[in-house]
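Asker: Quick one: structure below, then a few questions.
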Amino acid sequence: NSDMEALAIECVDASEPRLSEAVAEAGRIITASAGGTKLSAVLQALGPSLTSTDHTLRARATRAVARIVGATDAGVLDADALGHLVDFLCARMHDYACASAVFSAASAVLPLLSVAPGRRAQIATALLEECDIRSL
């Protein structure tokens with residue numbers, strides 16, 4: 001888990017081309033491990049960045065989550081892992097400073113939700129309730 005945590009942090013701090021390499025590596029590790037535990041490790045490692053008062057850092061960390069989820073093979077993450085991620089994203093919909101990153105992450109997770117179809121409605125509801133649609 002410490003390797004995954006270090007890799008997750010690198011996905012926030014690195015610049016290209018290492019950023020793309022780190023994201024791809026994280027996706028491969030999550031896919032190879034059958035998902036949920038490693039995804040939880042990513043979210044825990046990024047916790048301080050995801051909850052930072054620094055808007056830029058928070059957005060970079062959320063964008064890293066989006067990229068890592070996008071690099072993970074569909075079908076690897078179970079309903080519990082996806083549910084945790086969707087809950088986090090829905091709670092972040094009101095965070096206008098990183099709205100773009102939240103929407104990118106939600107877009108990355110939507111194709112994976114065949115194992116948790118009710119979560120699609122949760123995202124749509126959060127979008128309608130938490131966002132000023134006129135500003136999108």
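Asker: Could you grab me the full set of residues in the stretch 15-28 that are touching a Ser or Thr at 6+ places or on another chain (Cβ under 9 Å) and buried (at least 17 other Cβ atoms within 10 Å of the Cβ)?
Answerer: 26, 27 - these are the residues of the stretch 15-28 that are touching a Ser or Thr at 6+ places or on another chain (Cβ under 9 Å) and buried (at least 17 other Cβ atoms within 10 Å of the Cβ).
Asker: Quick check on the stretch 114-134. Is at least one of its residues in contact (Cβ under 8 Å) with a residue 40 or more places away in the chain and either within 16 Å of residue 61 (Cα to Cα) or aromatic (Phe, Trp, Tyr) (or both)?
Answerer: No; the residues of the stretch 114-134 include none that is in contact (Cβ under 8 Å) with a residue 40 or more places away in the chain and either within 16 Å of residue 61 (Cα to Cα) or aromatic (Phe, Trp, Tyr) (or both).
Rule-based calculations on the coordinates, nothing more; no lab input. Just so we're clear, the structure is a prediction, and the values are computed from it rather than from any experiment. Glycine gets a Cβ as well: all are built from the backbone with ideal geometry, and neighbour counts include every protein chain shown.
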